[in-house]
Amino acid sequence: MATRLAAEGATVIVHFGTDEGGAAATLDAMEHAGGTGFAVRAELGVDGDVETLFAGVEAGLGDRPLDIVVNNAAAAPASALGVTTRAEFDHLFAVNVRAPYFIIERALPLLREGARIISISSAATRMANASQTSFAMTKGAIETMTKTLAAQLGPQGITVNAVAPGATRTASNGAVFDVPGLTEQISGMTALSRLGAPDDVADVVTFLASDAARWVTGQILDASGGLFLGPRI
């Protein structure tokens, strides 16, 4: 997403929690795509996280406004009911729900008319997967927030949308899909018969951030390739 937005001319602020090397690699990829940006470190889900983040954001922006906010950071799914600990549950909600909510609140004074807010949800919100109950709950909260804030911020010309990926293979989760038969099983439940790739999601986010999406707000765009739409007959 950072690389695609940078290639379209955005100066991208790359937030990271612990992976400084990953942030550096992202900035390098952005530069190779012809874009620019800078990195900001802030651990989400802890006291003072949003202020730490925006201290770096404002220092890097200077007098420039903020045009696009992408809430992409998330804690990984915890276990099923009866296995997930209170600490895991609280951490999920702190990172996946509380942080995006207050990041948007803190960003509002920096956003100008026509700005875009895009949050990453999940296809897990429309499926019953006992192993991801608490994770799906956090993404359901993101979708509700998206609709209500779209109505609230519309008079300011700010659009608010969410993107809901399905099974998407990335550099960080690739080992999950190395489980024998898993890729084939998921592909068989997907209308387009394959796993998602980072570009599949990034292109949807880039569309929502563009002027082409100026009349789209309060929407949850499924970017799952048609995961689990129903049985194939």
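Throughout, read-outs are computed from the coordinates displayed, never taken from laboratory work. The shown structure was predicted, so the numbers you read here are calculated from the model rather than taken from an experiment. Quick reminder, even Gly has a Cβ in these numbers, built from the backbone with ideal geometry, and neighbours come from all protein chains shown.
Listed values, structure above:
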read-out	value
Label selected from (1) 17.7, 58; (2) 17.6, 62; (3) 17.2, 54, the criterion being Rg and Dmax of the Cα atoms in Å as computed here	(1)
Length released on extending from residue 216 to residue 11, taking residue separation times 0.36 nm less the Cα-Cα span	71.5 nm
Options 114, 189, 68, ranked by Cα towards positive dipole end of the chain, top entry (Cβ charges)	189
Förster radius 41 Å - calculated FRET efficiency between residue 192 and residue 24 (Cβ-Cβ, nearest 0.05)	0.75
Separation of the residue 31 and residue 63 label points, Cα + 7 Å toward Cβ, nm	2.7 nm
Length released on extending from residue 46 to residue 76, taking residue separation times 0.36 nm less the Cα-Cα span	9.2 nm
Residue 233-residue 110 pseudo-label distance in nm [points 7 Å out on the Cα-to-Cβ vector]	5.1 nm
Residue 179 versus residue 156: modelled label distance in nm, points set 7 Å from Cα along the beta carbon direction	4.2 nm
Selected from 52, 125, 217 as most flexible by GNM, with the chain as the system and alpha-carbon contacts under 10 Å	52
Protection proxy ranking of 71-80, 218-227 - average other beta-carbon atoms within 10 Å, highest first	218-227, 71-80
R0 of 30 Å, Cβ-Cβ distance residue 171-residue 129: FRET efficiency to nearest 0.05	0.80
